[in-house]
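Here is the structure we will look at.
The values are calculated or read from the model by the stated rules, or taken from the named source; none is laboratory data. Fair warning: this is a prediction, and the values are worked out from it, not measured in the lab. Methodologically, a virtual Cβ is constructed for each residue, glycine included, from the backbone with ideal geometry; neighbour enumeration extends over all protein chains shown. Just the protein is used for accessible areas: all its heavy atoms, side chains included, with ligands, DNA and RNA removed. Shrake-Rupley method; radii C 1.70, N 1.55, O 1.52, S 1.80 Å.
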Amino acid sequence: MAQQFPALIITIPLLAALFTVPLGTLNRRFCYPWLMFIMAAVLSMAIVICGRVITFGPISYHMGGWQPPWGIEYRIDQLNALMLVLISGAGLLGAIYSGPSFKKEIDGRQTLASSLYLLMITGLMGIVITGDLFNIFVFLEIASLSGYGLIASGGNDAPFATFRYIIMGTIGASCYLLGVGYLYISTGSLNLMDLHRLLPELYHSRVILTAGALMLVGIALKMALFPLHAWLPEAYYEAPSAVSGVAAPLYTKVAGYLMIRILYNLFDPGFFTEVFPITTILSWAAVFALLIGSIYAIAQTDLKKMLCYSVIAQVGYIVLGIALANRAGFSGAILTIINEVFTKACIFMATGAIIYRIGDSRIEHLGHLFRRMPITMLAFIVGVFSMIGIPPTCGFFSKLYLIFGCVEAGQWVFIAALLLSTILNVVYFFRVIKVACFEDPQPDYERKEPYPEITMEEAPIGLLLPVVSAAAMILITGLGSHWIMVNLITPIIPAGF
Amino acid sequence: MLEFIISKYNFWFYVILMMIGLYAMLAKRNLVKKLIGMNIFQTAIILFYVSIGVKAGKVHVPIIIGGHGTHHAIKAADYLNPLPHVLMLTAIVVSIATTGVALAVLILIYRRYKTLNEDEILAIRQAGRETGA
Amino acid sequence: MKTVILIFVILAGGLLLYGTMDMPAWGDPNSPANTYVSPRYIEEAMEATETPNIVTAVLADYRGYDTMGETTVIFTAAIACALLLRGIGSARKEEDES
């Protein structure tokens, strides 16, 4: 049975998404337990697959029994297994969160929203598990379409932000498809491992160079890397809280995984030293992303918008680690991905809990929040420490490895940029904590009764549990980062580093 | 240079079509025109893929001659390449699905702003932000 | 602004055309795309799948998983449209009544 898990882990959420619609039409309250049950099943399957990969090495699963490259192959090594666990973990947290949150924000449409949620998780997992380039495109479109639908349901200004996201996201996916076409016309194959074997003798060809550039531009658009980031802040700001709590951690990190696959498993690291310095361009774009994301974040007056700009900055960290092309940088990039999934889930969901209780997330309205919602704010503080990089959270280890990587590559400018952006992170996050601890909320704050003593009105348990679990996972992955390095990261470092 | 243009003129066609689509997506101010540009862009990519599978000379479409009653050996050189057609059937469906969702979003935008011109929508949002803030 | 975009678009088109310089000529029967994976599809489709239409055989059998993904894309788009547009009819009814 466990041998069929690679196929089941995609088909079960897919069929569940199909069954959510009649189930929800019967009674709307069935959707929430159904969603949690399916996500728990998916998470357990992902953990079993991860355990098998750690014990036995990479798994290869042929769909339909056909040999690759004539059929589609799933190839799961440690990086894929890690991404599967992260996606299903964040998906479970989001599923628990979605009960009260959907009821508050998009009441009456929970059935369809839950169905789209399961499809989004299916799409994201399909991208990380498959070993065939065209299959990646199909699942990328599944994930993107469900993302568009979920974000546009946010009401108010959400449709306009979504339209821009649709245009830029489709340019990205089409550029990726065109890159795959260029690779196909020169080799005839679509399988990742097969192309890795066939490409080295074609490195001098202009077609391959253009193919690589097109695929990277497409992925950079999906990832919101610096010059192509304009769609992200508006889209994730307008989205409903449950959606931004799951989409913001996951989409950009899955695109980061795709970049790792294209750069290091499709093209050898030698390609970038012999033919074209793509990694130099990427690392400079990453440095600009770091700085500009942090600078824009300081200028915001709304907590949720500030977090969206911080996502752009964190994407810069990941791409910097990937583009440094040495062991420490690569490890730093993967640790940043792990850290980011849980940290962004924790912080975005905490912000969603704040919006649930207070009504909006403008910083001037957050006064005395520590007394009203102490548990939420404690988890928020753990998330903030992880963003800044304070031990023993995972963020500290990821920044440490990134700095080691920069030292090893001899790029002192990058170290200065990393430290500067950490200081900027401290500035804008501590401003929020200062207001929440010490100041009174501003007078135009909408409470029905006059401003009395502060009582504790914490968010409902359905919102609290994911926030606290995400904060706990940040600490656990930080303390267990050595185990993660030995078992999951060291086996997948590309040869030649 | 002339030989490059003549032997590979199909690539010129699809690049020009793609650039028309890209220009429409970026430069036009009406949202529906942006959507049409997106469609042109995706259609150009589909044309490129289908042109990969062409073989010059006396070849058949990839349906086996004689159907089920065939007994002769099937030679690959007699038939077109079926794989790009397969990939593009999926890509056409994806393109339609994206256009459908984008049109639903456009309906929501029109209901809220009563216009589909990007400049006017940005002006309305700016005015709303100044009075509401 | 439009001239800036025009120049950018022309540059992008030029780069793409630069990339096509090493491609095989149009209709070349010996290009890698026509000789690596496809001959086995054409030659063995009849005995492996009993379907004379090779495109159907590849779509539904060899690469059937892509077809499942494609039907999921259509389903996702339908659900997304239903999520966005549902309630527009009933909202208008409420406006007419009030």
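Of the residues making up the stretch C:35-55, those that are more than 7 Å from every other protein chain (Cβ to nearest Cβ) and crowded, with 18+ Cβ neighbours inside 10 Å are C:45, C:51.
Go through the residues of the stretch C:17-30 one by one and say whether even a single one is in a loop (DSSP other than H, G, I, E, B), more than 23 Å from the chain's Cα centre (by Cα) and within 24 Å of residue B:66 (Cα to Cα). Yes, some residue in the stretch C:17-30 is in a loop (DSSP other than H, G, I, E, B), more than 23 Å from the chain's Cα centre (by Cα) and within 24 Å of residue B:66 (Cα to Cα). Of the numbered criteria (1) small (Gly, Ala, Ser); (2) touching a Ser or Thr at 6+ places or on another chain (Cβ under 8 Å); (3) free of Cβ contacts under 8 Å to residues at least 40 places away in the same chain, the one residue B:95 fails is (3).
Which of the residues belonging to the stretch A:189-232 are within 30 Å of residue A:305 (Cβ to Cβ) and either part of a helix (DSSP H, G or I) or of a type in the set (S, T, N, Q) (or both)? Within the stretch A:189-232, A:216, A:217, A:218, A:219, A:220, A:221, A:222, A:223, A:226, A:227, A:228, A:232 meet the criteria.
Scanning the stretch A:168-195 for residues that are among the aliphatic types (A, V, I, L, M) and free of Cβ contacts under 8 Å to residues at least 24 places away in the same chain turns up just one, A:185.
Inside the stretch B:10-41, can you point out the residues that are under 12 Å from residue A:167 (Cβ atoms), surrounded by 21 or more Cβ atoms within 10 Å (Cβ to Cβ) and facing another protein chain (nearest Cβ under 7 Å)? Scanning the stretch B:10-41 gives B:22, B:25, B:31, B:34, B:38, B:41. Among the residues of the stretch C:1-34, those that are open to solvent by 60 Å² or more (accessible area, probe 1.4 Å), within 12 Å of chain A (Cβ to nearest Cβ) and modelled with pLDDT of 85 or more comprise C:8, C:15, C:18.
For the structure I just gave you, tell me whether residue A:143 is within 10 Å of chain C (Cβ to nearest Cβ) and among the small types (Gly, Ala, Ser). Judged against the criteria, residue A:143 is a match. When A:145, A:177, A:124, A:192 are screened for being crowded, with 24+ Cβ neighbours inside 10 Å, within 18 Å of residue A:80 (Cα to Cα) and out of contact with any strand residue (DSSP E or B) (no Cβ under 6 Å at 6 or more places or on another chain), only A:124 passes. Selection within the stretch A:246-295: residues that are in contact (Cβ under 8 Å) with a residue 40 or more places away in the chain, over 26 Å from residue A:137 (Cα atoms) and hydroxyl-bearing (Ser, Thr, Tyr). The member of this set that is least open to solvent (accessible area, probe 1.4 Å) is A:294.
Mind listing whichever residues of the stretch A:18-51 are within 30 Å of residue A:77 (Cβ to Cβ) and buried (at least 17 other Cβ atoms within 10 Å of the Cβ)?
Once the filter is applied, which keeps residues that are within 30 Å of residue A:77 (Cβ to Cβ) and buried (at least 17 other Cβ atoms within 10 Å of the Cβ), the stretch A:18-51 yields A:35, A:38, A:39, A:41, A:42, A:43, A:45, A:46, A:49, A:50.
Where helices (runs of 4 or more DSSP H) fall entirely within the stretch A:261-351, those with at least 3 residues that are of a type in the set (Ser, Thr, Tyr) and within 21 Å of residue A:250 (Cα to Cα) are at A:303-324.
Considered as a group, the residues in the stretch A:423-439 that are part of a helix (DSSP H, G or I), open to solvent by 10 Å² or more (accessible area, probe 1.4 Å) and not β-branched (Val, Ile, Thr) include one that is farthest from residue A:362 (Cα to Cα), and that residue is A:424. Here residue B:89 meets each of (1) open to solvent by 30 Å² or more (accessible area, probe 1.4 Å); (2) of a type in the set (A, V, I, L, M, F, W, C); (3) farther than 30 Å from residue C:46 by Cα with one exception, condition (3). The set of residues in the stretch A:97-113 being open to solvent by less than 10 Å² (accessible area, probe 1.4 Å) and more than 10 Å from every other protein chain (Cβ to nearest Cβ) consists of A:97, A:98, A:101, A:102.
Checking the condition more than 20 Å from residue C:58 (Cβ to Cβ) and within 8 Å of another protein chain (Cβ to nearest Cβ), which residue from B:123, B:104, B:127 passes? Answer to the check: B:104.
Please state which one of A:404, A:370 is part of a helix (DSSP H, G or I), surrounded by fewer than 24 Cβ atoms within 10 Å (Cβ to Cβ) and at pLDDT 90 or above. Going through A:404, A:370 in turn, just one is part of a helix (DSSP H, G or I), surrounded by fewer than 24 Cβ atoms within 10 Å (Cβ to Cβ) and at pLDDT 90 or above: A:404.
Screening the stretch A:373-398 for residues that are surrounded by 24 or more Cβ atoms within 10 Å (Cβ to Cβ) and touching a Gly at 6+ places or on another chain (Cβ under 7 Å) and picking the one that is farthest from residue A:482 (Cα to Cα) gives A:387.
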